[in-house]
Ligand SMILES: Cc1ncc(COP(=O)(O)O)c(C=O)c1O
């Protein structure tokens, strides 16, 4: 039998870990998660360590690499993938940018979006369209919230020149969870790559990215994972890394420019070999 008093105590204790919700009722809608006390303390301790031993020194550098690798391993374990497929970035928008700018676009290619995508990725797609003569098409997925089938909506929208589908796993405006595995299978049967915006799914749904098979999965720590703003990531499917080296080289360059972190760029550089 459920021990209600004990569960309430545990919930109360858990709430106490979040200073940001002590004085309010907080309904996390996926904009930005509240930071738990442990994360706040870790951030402060990190800055103290950096100032004490650096801020710039061999010791600090080695320490940061060790911490970063630890983070990457934990993220990978949580998402059901190997650490080499995870690159640390700033947030979802940066991860989508890396994925999209890494593709060797040809004039006439098409990017297929859904009608529920975030302005950040739409802006990136529009800039790519402007620079490379790529077409943008948008399919009506929102109407499938309570009826209809998102997979057939996407199937109908795919064209022979569709190169990439960009879609959210969980739609930010309705909360609908899209049947990603089926959508990915459909796209791969049509030689279309899939970039997933995981802003509202990572930390919210149990995920195994190896099983889902999407080519790119962009995510962030500052929403449902309740982590600090400024730490996000990009998963890239290993098969994709091997088969599409042109994209990889662009992707690696993007990563190198974005961070000075050897651990972060290692998987991309390895993949170029
Ligand atoms: C679906 C979706 N994609 C992208 C973003 C932007 O995320 P980030 O701030 O990590 O770039 C958000 C932010 O709310 C979102 O809801």
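Here region 1-140 is described by how far its Cα atoms reach on the three principal axes: 60, 50, 30 Å, from widest to narrowest. For region 6-32, no residue has its backbone nitrogen under 11 Å from a point 7 Å from the Cα of residue 173, taken along Cα to Cβ.
Ranked by Cβ crowding within 10 angstrom, fewest neighbours first, how are 46, 114, 144 ordered?
By the 10 Å Cβ count, ascending: 46, 144, 114.
Taking other C-beta atoms within 10 angstrom as a stand-in for reagent exposure, 98, 103 fall in the order 103, 98, fewest first. Report note on the peptides 88-94, 180-186, 230-236, 52-58: ranked by the mean count of other C-beta atoms within 10 Å, highest first, their order is 230-236, 88-94, 180-186, 52-58. Region 69-108 and region 173-237 have their alpha-carbon centroids 10 Å apart. Considered as an equivalent ellipsoid built on the Cα gyration tensor, region 71-182 has semi-axes of 24, 21, 13 Å, the largest given first. Calculated mean residue ellipticity at 222 nm for the chain: -14500 deg cm²/dmol, from DSSP H runs with n ≥ 4 weighted as -39500 (n - 2.57), summed, divided by the residue count and rounded to 500.
Going by how many other beta carbons lie within 10 Å of each one, how would you line up 169, 188, 14, 222, fewest first? Intermediate values should be presented prior to the final figure.
Values: 169 25, 188 15, 14 10, 222 21.
Ranking 169, 188, 14, 222 by Cβ neighbours within 10 Å, fewest first, gives 14, 188, 222, 169.
Mean separation of Cα pairs under 8 Å and 6 or more residues apart, divided by the residue count, gives the chain a relative contact order of 24 percent.
Along its three principal directions, the equivalent ellipsoid of the chain from the Cα gyration tensor extends over semi-axes of 33, 26, 16 Å, largest first. Legend: calculated FRET efficiency, residue 156 to residue 122, from the Cβ-Cβ distance at R0 = 25 Å, rounded to 0.05, equals 0.75. Across region 173-236, the convex hull enclosing all Cα atoms gives 91 Å³ per residue.
A short reminder: the numbers here are calculations on the coordinates, not readings from a lab. Keep in mind that this is a model prediction, so the values were computed, not measured. So basically every Cβ, Gly included, is an ideal-geometry build from the backbone, and we count neighbours across all protein chains shown.
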